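The values are calculated or read from the model by the stated rules, or taken from the named source; none is laboratory data. Worth saying up front: this structure is predicted, and the values here are computed from it rather than measured. In this analysis, Cβ positions are derived from the backbone assuming ideal geometry, glycine residues included, and neighbour counts consider all displayed protein chains. With ligands, DNA and RNA removed, areas are computed over all heavy atoms of the protein, side chains included. Shrake-Rupley method; radii C 1.70, N 1.55, O 1.52, S 1.80 Å.
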Amino acid sequence: MARQEQQQHLQVLSALDAAKTQWYHFTAIVVAGMGFFTDAYDLFCISLVTKLLGRIYYTDLAKENPGSLPPNVAAAVNGVAFCGTLAGQLFFGWLGDKLGRKSVYGMTLLMMVICSIASGLSFSHTPTSVMATLCFFRFWLGFGIGGDYPLSATIMSEYANKKTRGAFIAAVFAMQGFGILAGGIVTLIISSAFRAGFPAPAYQDDRAGSTVHQADYVWRIILMLGAMPALLTYYWRMKMPETARYTALVAKNAKQAAADMSKVLQVEIQEEQDKLEQMVTRNSSSFGLFSRQFARRHGLHLVGTATTWFLLDIAFYSQNLFQKDIFTSINWIPKAKTMSALEEVFRIARAQTLIALCGTVPGYWFTVFLIDIVGRFAIQLLGFFMMTVFMLGLAVPYHHWTTKGNHIGFVVMYAFTFFFANFGPNSTTFIVPAEIFPARLRSTCHGISAAAGKAGAIIGSFGFLYAAQDPHKPDAGYKPGIGVRNSLFVLAGCNLLGFICTFLVPESKGKSLEEMSGEAEDDDDEVAAAGGAAVRPQTA
């Protein structure tokens with residue numbers, strides 16, 4: 001069977017599968033990874049400055065507490081980028097299969113650069129119009145970010161060898177952790193510099209003086225700096241050749257694929273155009289996304305990748321975006337009125353940076369080092385299970401954690417939920433959809449799976465904002481919710497469902513992309529399979 005598959009394979013694809021780790025692999029990781037660094041920075045830095053936006057634009061000096069964003073504005077500012085991301089994942093995922101990965105890759109990066117800068121330049125005369133302008137540009141920023149998900153994953157999977165493919169894709173995604181960390185560090189530096197240059201008293205001591213006029217520059221600078229890493233990698237993205245798998249299997253140009261990969265791998269590769277035409281004639285892999293054949297071979301796989309990503313992101317993004325609210329509720333961050341505006345920004349950034357440093361970043365790199373040893377399936381199951389355990393560990397004795405002297409224990413438990421999210425489903429849900437679908441539908445299916453995840457992120461970011469409100473003393477403008485404790489129970493339930501849905505997802509460790517997608521099979525193989533899936537899930 002292995003010999004038969006080798007005979008059916010084009011030499012250019014076999015060379016990629018068997019290639020030793022080379023410089024071009026690391027170049028691809030950095031070029032694709034810097035896009036993800038930017039994505040994470042842009043998506044999560046907004047949560048660091050929303051309290052500041054409330055103070056600057058919505059403070060009523062007659063009230064005892066500083067201003068905060070009204071519920072509808074807070075939901076829009078936090079969630080609008082996710083709406084754009086969802087749309088971008090679907091659109092650019094589809095476009096990546098139609099026009100090619102490289103053709104679309106530069107578009108997404110330019111959009112991210114322009115909209116990052118424009119977000120920081122959201123000027124107007126009234127608070128409402130400033131927020132509306134900010135939301136407009138953050139939607140289109142999210143649209144560009146959305147395209148980076150399917151394209152980066154697909155490009156890395158199609159460049160990688162089959163032995164270390166999981167680690168390479170995971171390394172691209174791991175840059176998200178550094179992006180979250182960078183957002184916290186940049187905010188710490190900028191808020192510290194402005195605090196030193198423009199000292200201000202606490203709100204309870206001087207309501208008007210606690211928010212200096214220069215604070216308006218802080219959030220703008222933080223948002224605009226998101227353009228820098230994307231801008232620095234644009235040139236290198238444009239120099240990357242189209243992936244051989246797209247050129248050969250989708251564009252049907254074996255000559256160009258062989259020429260491109262001969263340069264990359266620095267070996268002589270035969271064109272084999274005749275062999276490609278024979279494969280196309282023999283293979284029945286021309287079915288579309290909405291065909292019965294796709295539903296039979298990959299339908300459950302797509303349901304599995306989409307539902308697990310959806311359930312994971314409800315928990316992951318609600319935690320990430322509202323860490324500041326959770327930390328305030330356990331008194332780890334002081335009451336707003338006891339701080340100046342810039343001190344509050346500094347303390348929120350410090351708390352989120354600590355969580356990223358201790359829990360978020362290590363989890364990503366555990367995945368990088370272990371995914372091709374342990375496998376995707378086991379890591380995803382372990383991650384969902386441990387997230388459920390730690391969420392329940394936070395929720396059941398919640399009143400204990402909010403008691404003075406127990407806050408450090410809460411933060412440690414909270415950090416472990418992030419560790420197992422990233423050494424678990426947050427990484428694997430990104431990796432697997434780039435490996436198990438046919439080349440001509442790979443980017444589209446990854447986009448659909450990622451869009452399902454962002455639908456979960458929207459539910460998490462909008463829903464948690466309301467659900468986590470205290471049932472007896474909600475924040476100004478909010479209706480009573482179910483409280484943080486009960487919200488944690490709901491998130492634990494989402495993680496448990498994710499654990500169950502993982503059994504729909506196949507194991508792809510050590511297999512070529514053509515094995516996983518069924519493109520290595522011909523019509524006779526498919527008939528012999530009696531209508532089964534191209535690759536069945538492996539649990540061991």
Quiz item: What FRET efficiency comes out for the pair Val267/Phe369, r = Cβ-Cβ distance, R0 = 30 Å, nearest 0.05?
Solution: 0.60
Quiz item: Which shape class, rounded, prolate or oblate, goes with the stretch 14-124 when its Cα gyration tensor gives a ≥ b ≥ c as root eigenvalues, a/c under 1.5 marks rounded, and past that a/b bigger than b/c marks prolate?
Solution: prolate
Quiz item: Could you give the nm distance between label points at Phe26 and Ile408, where each point is 7 Å from its Cα heading toward the beta carbon?
Solution: 3.9 nm
Self-check item: Percent carbon-and-sulfur accessible area, the stretch 406-494, ignoring ligands, DNA and RNA, probe 1.4 Å
Solution: 70 percent
Quiz item: How would Cys494, Cys358 line up by accessible area, probe 1.4 Å, largest first?
Solution: Cys358, Cys494
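Could you look at the stretch 20-134 and say what percent of its accessible area is carbon and sulfur, using a 1.4 Å probe and all protein chains?
Values: 2920 of 4190 Å².
That share works out to 70 percent.
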Self-check item: Cleavage-rule hits, trypsin sites (Lys or Arg not before Pro), the stretch 16-92, DSSP coil, Cβ neighbours within 10 Å at most 15
Solution: Lys20, Lys63
Practice problem: Sort all Cα-Cα distances of the chain into consecutive 20 angstrom bins from zero, then give the percent of pairs in each bin up to the one containing the longest distance. | Solution: 23, 52, 21, 4, 0
Exercise. Sum -39500 (n - 2.57) across every DSSP H segment of at least 4 residues in the chain, then divide by the residue count to get the 222 nm mean residue ellipticity, nearest 500.
Key: -23000 deg cm²/dmol
Self-check item: Per residue, in Å², the accessible surface of the stretch 111-216 once ligands and nucleic acids are set aside, probe 1.4 Å
Solution: 35 Å²
Quiz item: Residue by residue through the stretch 358-374, which ³J(HN,Hα) values in whole Hz follow from phi under the Karplus form 6.51 cos²θ - 1.76 cosθ + 1.60 (θ = phi - 60°), with glycine and proline marked x?
Solution: 8, x, 6, 5, x, x, 4, 7, 4, 4, 4, 7, 10, 5, 8, 9, 7
Quiz item: Can you give the angle from 0 to 90° between the axis of helix 407-422 and the longest principal axis of the chain, with both taken from C-alpha atoms, to the nearest 10?
Solution: 20 degrees
Quiz item: Per-residue HN-Hα couplings for the stretch 391-401, Karplus 6.51 cos²θ - 1.76 cosθ + 1.60 at θ = phi - 60°, whole Hz, x for Gly and Pro?
Solution: 4, 5, x, 7, 7, 4, x, 4, 5, 5, 5
Practice problem: Can you send over the solvent-accessible area of Met386, 1.4 Å probe, protein chains only, in Å² to the nearest 10? | Solution: 40 Å²
Quiz item: Against the longest principal axis of the chain, how steep is helix 273-282, in degrees 0 to 90 to the nearest 10, with axes from Cα atoms?
Solution: 80 degrees
Quiz item: Over what distance in Å are the Cα centres of the stretch 115-193 and the stretch 195-227 separated?
Solution: 24 Å
Self-check item: Shape category assigned to the stretch 71-177 from the gyration tensor of Cα positions, a/c cut at 1.5
Solution: prolate
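Given a Förster distance of 45 angstrom, what is the FRET efficiency for Asn72 paired with Lys239, based on the Cβ-Cβ distance and rounded to 0.05?
Numbers: r = 45 Å, r/R0 = 0.99.
The calculated FRET efficiency here is 0.50.
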Quiz prompt | Relative contact order (%) - the stretch 55-186, alpha-carbon pairs under 8 angstrom, separation at least six | solution = 29 percent
Quiz item: Taking a spot 7 Å from the Cα of Val303 along the direction of its beta carbon, which residues of the stretch 496-513 have an amide N less than 19 Å from it?
Solution: 496-507
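On a 1.4 Å probe surface of the protein chains, which of Ser129, Ser512 comes out largest in accessible area, and what is the full order? Don't skip to the answer; put the middle values down first.
Numbers: Ser129 35, Ser512 0 Å².
So, going from the largest accessible area down, we get Ser129, Ser512.
Note the full-extension length gain between Ala132 and Ala476 as 0.36 nm times their separation in residues minus their Cα-Cα distance, in nm to one decimal.
Values: separation 344, 0.36 × 344 = 123.84 nm, distance 2.09 nm.
121.8 nm is the gain from fully extending Ala132 to Ala476.
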Practice problem: Please report the relative contact order for the chain, taking Cα pairs under 8 Å with a sequence separation of at least 6, and give it as a percent rounded to a whole number. | Solution: 23 percent
Quiz item: Of Lys404/Lys454; Lys51/Lys479; Lys98/Lys511; Lys263/Lys454; Lys51/Lys454, which ones are farther than 29 Å apart at the Cα?
Solution: Lys404/Lys454; Lys263/Lys454
Practice problem: Scan the chain and hand back the longest stretch that contains none of the chymotrypsin sites (Phe, Trp or Tyr not before Pro) lying in DSSP loops with at most 11 other Cβ atoms within 10 Å. | Solution: 291-540
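Out of the total accessible area of the stretch 135-285 (probe 1.4 Å, heavy atoms of protein only), what percent is carbon and sulfur? Walk me through the intermediate numbers first.
On the way: 3820 of 6200 Å².
Percent of accessible area from carbon and sulfur atoms in the stretch 135-285: 62.
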Practice problem: Let me have the relative contact order for the stretch 325-430, percent, based on Cα pairs under 8 Å that are six or more residues apart. | Solution: 40 percent
Quiz item: With θ set to phi - 60° and the Karplus curve 6.51 cos²θ - 1.76 cosθ + 1.60, what are the ³J(HN,Hα) couplings of the stretch 256-266 in order, to the nearest whole Hz, using x for Gly and Pro?
Solution: 5, 4, 5, 5, 5, 6, 4, 5, 5, 7, 6
Self-check item: Angle in degrees between helix 292-321 and the longest Cα principal axis of the chain, rounded to the nearest 10
Solution: 20 degrees
Quiz item: Which order do Lys162, Lys454 take by accessible area at a 1.4 Å probe, largest first?
Solution: Lys162, Lys454
Quiz item: Roughly how many nanometres apart are two label points built 7 Å out from the Cα toward the Cβ at Asn486 and Asp60?
Solution: 2.7 nm
Exercise. Pop a pseudo-label 7 angstrom from the Cα along the beta-carbon direction at both Ile221 and Ile500 and give the gap in nm to one decimal.
Key: 5.0 nm
